[in-house]
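Below is one structure, written out as structure tokens; the observations come after it.
The values are calculated or read from the model by the stated rules, or taken from the named source; none is laboratory data. Since the model is a prediction, treat every value here as computed from it, not as a measurement. Cβ placement follows ideal geometry from the backbone for every residue including glycine, while neighbour counts extend to all protein chains displayed. Protein only, heavy atoms only, side chains kept; ligands, DNA and RNA dropped before computing areas. Shrake-Rupley method; radii C 1.70, N 1.55, O 1.52, S 1.80 Å.
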Amino acid sequence: MVPDYLTIAEAARLIENRDLSPVELVDSRLDRIARLDDRLHSFIRVLADAARHEARAAEAEIAAGKYRGPLHGIPIGLKDIYETAGVATTGHSKVMQDHVPQKDAFSVQRLREAGAIVVGKLATHEFALGGPSFDLPWPPARNPWDLSRFTGGSSSGTGAAVAAGLVLGGTGSDTGGSIRGPAAYCGLAGIKPTYGLISRIGILPLAFSLDHAGPLAWTAEDSAIMLQAMAGHDPADPASADHPIPDYRAALQRDANGLRLGLVSHFYERDNEANAATCDAIAAAVRTLEGLGCSVREVTLSPLADWVACGVVIMLCEAYAIHEVNLRRRFTDYGEMFRDRMALAGLITGADYVQALRRRRELIDELDRAMESLDLLLTAAAPTEAPPIDAVGKFSTFERPLLTMPFNVTGSPAMSVCCGYTDGGLPLSFQIVGKRFDEATVLRLAHAYEQATPWRDRRPTLQ
């Protein structure tokens, strides 16, 4: 009997030791999807036959002594903005519901080469922006900790599917927090790597200069395993960084002793005021990290609203440039939430965009100076636990400044890590931010914290 919940690392050890076959594992996930996803709505499309075929091939390869590594035979899901050869990639939108790519996205190719098995395509907010929407061809995903709650967005289906154990890991994209938001609300470890570390070729764009691709999984170790496969230079992506890729999993073997951390508490204590449960959980996390040998000091940056105004202007302008033709021709084929947000974007001037780019350069320099004598920053990932899904308004992302957006503006690696639960059992999260291309240190601290706390032992109860 395959357990309902397994991490990638746990399953990989079992598969490598021939104690679990990829066929058994994939069948167990497909059974779980069949039992639970009519309530979670995390999948747009389940690729059961293809997944079983790939599982049999993986089993044969491993039996022949051709084990590829810790993703070999592991079932994953893809946010439905990652293109897949011969399988529709829709952006969760009527506008592209018949779009069938001819080849896989670059990062999907790399995951398949590592042996991962794609079980299906996962729900998103429309084109990774508008959501949760109830007027699209597929319903919005639900939070497995409480089906009446929001998953966060836009990697909503990935957050739900991974937290519910329907897949062991999944892909997301992050333009203003779309990996870290679902990770926070669904209790996962989700990392937005440095801008350019993972190719965006074959991923439907939202904003060219802010889009990041990355993994969501249950633990920092699992995130490191997926990141290892996804990262790498792609000459076809003009923003792809030709940068050495370290052994992320090996970095987890080092403890956190001696790391210098800066706490940006004003982001969540004043600028976007967090609730008491979140503040208490982060304060407890800081004490844990100090107990592991980290030094922590307060850091003051420009107000959160400055970072978010800069990021939102850039995001809306670049998104409008991508969608303008279809908005003019097929306005009502978009969901109301997406099209109304884009209508706002049409009012932003070229001068506004240029000023936002200028301000961005200043903010990047500010963060670099603030981190000169530090290894990492800490702050909140979200101000509260997941809200009710029907309480998320059309312009909710503009009403309170996103705690995640600053690090899209700077392109820095940033990760959401679960740091406790509310009295009602909903996850809480904090954010670890690193210097560009230092994902290894972000993952190292996240792993050390997870090992020192009990939060990874708790999972949603779904029948």
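Evaluating residue 262 against the criteria (1) in a loop (DSSP other than H, G, I, E, B); (2) touching a residue at least 60 places away in the same chain (Cβ under 8 Å) leaves one unmet condition, (1). Restricting attention to the range 265-316, the residues being open to solvent by less than 30 Å² (accessible area, probe 1.4 Å), among the β-branched types (Val, Ile, Thr), in a helix (DSSP H, G or I) and under 22 Å from residue 448 (Cβ atoms) number 3. Whenever a residue of the range 384-411 is more than 23 Å from residue 142 (Cβ to Cβ) and among the aromatic types (Phe, Trp, Tyr), its partners that are at pLDDT below 95 and open to solvent by less than 30 Å² (accessible area, probe 1.4 Å), lying with C-beta atoms within less than 9 angstrom and at least six residues away or across chains, give the pairs 398/341.
Here the range 447-463 is the region considered, the condition is being free of Cβ contacts under 8 Å to residues at least 40 places away in the same chain and in a helix (DSSP H, G or I), and the residue that is farthest from residue 163 (Cα to Cα) is 451. Any residue in the range 132-147 that is part of a strand (DSSP E or B) and not charged (D, E, K, R)? For the range 132-147, residues part of a strand (DSSP E or B) and not charged (D, E, K, R): absent. A search for C-beta distances below 8 Å between a residue of the range 84-111 that is at positive phi and any residue that is aromatic (Phe, Trp, Tyr) and part of a strand (DSSP E or B), counting only pairs 6+ apart in sequence or on different chains, returns nothing. The set of residues from the range 337-388 being among the polar types (S, T, N, Q) and under 16 Å from residue 402 (Cα atoms) comprises 379, 384. Quick check on this structure: which one of 174, 211 is open to solvent by 10 Å² or more (accessible area, probe 1.4 Å), within 29 Å of residue 342 (Cβ to Cβ), within 12 Å of the chain's Cα centre (by Cα) and of a type in the set (D, E, K, R)? One residue alone meets the criteria, 211.
Of all residue pairs spaced 6 or more apart or on separate chains, those with beta-carbon atoms under 9 Å, a first member in the range 355-375 that is in contact (Cβ under 8 Å) with a residue 60 or more places away in the chain and a second member that is surrounded by 18 or more Cβ atoms within 10 Å (Cβ to Cβ) and aromatic (Phe, Trp, Tyr) are 363/307; 367/407. Looking at 270, 249, 260, just one residue is closer than 26 Å to residue 459 by Cα and of a type in the set (Lys, Arg), and that residue is 249.
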